[in-house]
Structures are given as structure tokens and as C-alpha cells.
Amino acid sequence: MYRLIAIPLLVTFYTGVTWASNGCVELDKLSFDKIVKRFSYTLVKFDVAFPYGEKHEAFTSFALESNEDLDDLLFALVGIKDYGEKENADLGKRFNIPEKYPVIKLFNNDTLDKYVDYPEDDPITVENLRKFISANTDLYIGLPGCLKEVDELAAKFSCPKNSKEALLQIYSKVEQMKALFDSEKAQKSFQIYLALMRKMTQSDQSVKEYIQKEKERVTHLLKDKLSDNQRALFNLRLNIMNSFKPGKVVNEAVSDEL
């Protein structure tokens, strides 16, 4: 029989102990190993049986945002009860989960005995979760509105060893990518990348200096009274500017490979 549990800011329907949020799957001791082994990576949030609040919303928001683009990453929830039959308490014990929820761990399917703990001192936000996945996997994690193909060149563009000639070389290659993006949304993002690169090839500042000052300028503008469209455009610009940083493997000046 269905019951209705009222929790501040959250209303949850459930049958027995089955519960999950959009973008996530719920795991228990019977399904944990079977499901996690099927994915390259699984981000698991161990929490109370019926989680709510900002931390839970950040986790599920990141899951919804990422599910379309990250087929190799599963988002999962393990609800632990400390009453009644104490469902999933055995999983909590297996993975050394303290009674200070939530606890987030990143698993890979090579072995479930080794995992990466989400830093206890880091606030659980969409941005921090994105950085955590990016730092500990080989998956591409782009910010909303970013274009993966251009992000790869933006990382090369940001290499501090690049000469002006190298920057122009990358800019020229990006110009040639226009036909790859046929939607209005993608074209809007593409034009921002292109405009930023063009200005940086003309500037006496380094890429790092230019991006830092431009971020400060846009962040200041966001404090003003803006229309929803203006605010969305400035936030998109900030997201794209975050792509202009040397990638993990990009530590050499651009060569003739381009």
C-alpha cells in the first residue's frame, strides 16, 4: 500500500524501501555489485533513507545535467536506515560510512574494493561535483553551454608556452569548425569561443591574464539589474571562459600537428 511521507521541502512517494531521484538509481546489497560493475564509473551518495535539502539537490541536479552526455558514469543512491530492519546498514559497514551523511564515493568497475572519497571539507555543489569527476576520471565534463570539440582547442590555446603564431593557428582551426554546430544554441556558444580567441590573439596580455580580467568584468556586470536573457548570456560566457585553461595533458606549446 502506498504511503505519503511529508518532509520539509520534500514530498516522497514510496513502496516498501524503494526510492530514487530522477537521474539516479537506488542500490542495495543485492544490486550494488551487479550494477556498479556495468559502468566505467559510479558516483554513489550514501545518505539517510529519505534525503532532502541542498546537498541532495546538488547531487541530483548534477546527475540530471550529466546523464545525456556521460554514458560511462552512473549516479546512484544508497539510503541507510538506522531503525527497523536497518536497510543498507551492511553496505554502510562494508564501505566504512560514518554516521555523518551524506558521504559520496567514486567507484570504477576494475575493483569495488578501491574508491575515491569526495573531500569531506568540500561543500557539495554541482560545480564541486563536476570538478571532482573531472579530476578523478578520464571523462569529459563540460559546463552548460560548452562545446567539447572547441574545449579541446581552448585548452591548447591556453598553454602558456604558445606564441602569437600558435594562437592564430588555433584560432584559424576553430573558425573552420563552424559547420559542426548547426543548432542555434550551439552557434551562440561557438561565436563566444571565437570572439574570445580573436580578442586574445590581438591582446598584449597572456591568455590567463585576459580571461581573469574578463571574468572579473562579467562577474561585476552580473551584479547589475539584468534581463533573464542578458543574465543567461553572461553566465554562458563565464562557463565558456572556464574552458580556457591548460588541459591535463596539454603542457607543451602547440606544434604543427594542428
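Each value in this text was obtained by applying a stated rule to the coordinates, not by laboratory testing. Since we're looking at a predicted model, the values are computed, not measured. Using ideal geometry, Cβ is built from the backbone for each residue, glycine included, and neighbour counts are taken over all protein chains shown.
Multiply the residue gap between Lys131 and Lys225 by 0.36 nm, knock off their C-alpha separation, and tell me the result in nm, one decimal place.
Numbers: separation 94, 0.36 × 94 = 33.84 nm, distance 2.98 nm.
Net length gain for the segment: 30.9 nm.
If you filter segment 69-159 for chymotrypsin sites (Phe, Trp or Tyr not before Pro), then keep DSSP loop positions with at most 14 other Cβ within 10 Å, what is left? Show your work: numbers first, answer last.
Working: sites: Phe75, Tyr83, Phe95, Phe107, Tyr115, Phe132, Tyr140, Phe157; in loops: Tyr83, Phe95, Tyr140.
Hits after loop and neighbour filter: Tyr83, Tyr140.
For segment 82-194, report the translational diffusion coefficient in µm²/s to the nearest whole number, using Stokes-Einstein at 10 °C, 1.306 mPa s, and a Kirkwood Rh over Cα pairs. Before the final figure, lay out the partial values.
On the way: Rh = 18.0 Å.
For the chosen part, D equals 88 µm²/s.
Roughly how many Å is it from the Cα centre of segment 85-123 to that of segment 202-227, as a whole number?
40 Å
Please give the peptides 197-210, 233-246 ranked by average Cβ packing (other Cβ atoms within 10 Å per residue), highest first, as a rough proxy for protection. Please list the in-between numbers first.
Values: 197-210: 15.1, 233-246: 18.4.
Answer by packing, highest mean first, reads 233-246, 197-210.
Points 7 angstrom from Cα along the Cβ direction at Lys29 and Lys148: gap in nanometres?
Simple spin-label model gives 3.9 nm for this pair.
Would you mind working out the magnitude of the charge dipole of the chain relative to its Cα centre, with +1 at each Lys and Arg C-beta and -1 at each Asp and Glu C-beta, to the nearest 20 Debye? It would help to have the intermediate numbers written out before the result.
Working: 36 positive and 40 negative charges, 110 e Å.
Once rounded to the nearest 20, the dipole reads 540 debye.
For every helix of n ≥ 4 consecutive DSSP H residues, a contribution of -39,500 (n - 2.57) applies; sum these over the chain, divide by its total residues, and give [θ] at 222 nm rounded to the nearest 500 deg cm²/dmol.
On the way: 9 runs with 105 residues, N = 258.
After summing the helix terms and dividing by residue count, I get -12500 deg cm²/dmol.
Once the Cβ-Cβ distance between Thr111 and Asp69 is put in as r, and R0 is 22 Å, what FRET efficiency do you end up with, to the nearest 0.05?
Working: r = 26 Å, r/R0 = 1.17.
Computed FRET efficiency for Thr111 and Asp69 comes out at 0.30.
Computed over the Cα atoms of segment 54-116, what is the convex hull's projected area averaged over all directions, in nm²?
Values: hull surface 21.0 nm².
Average projection, Cα convex hull of segment 54-116: 5.2 nm².
May I ask which residue of Met200, Ser189, Ala58 lies farthest towards the positive end of the charge dipole of the chain, with charges of +1 (Lys, Arg) and -1 (Asp, Glu) on Cβ and the Cα centre as origin?
Highest projection toward the positive end goes to Met200.
Please work out the Kirkwood hydrodynamic radius for the chain, using every pair of different C-alpha atoms, and report it in angstroms with one decimal place.
20.9 Å
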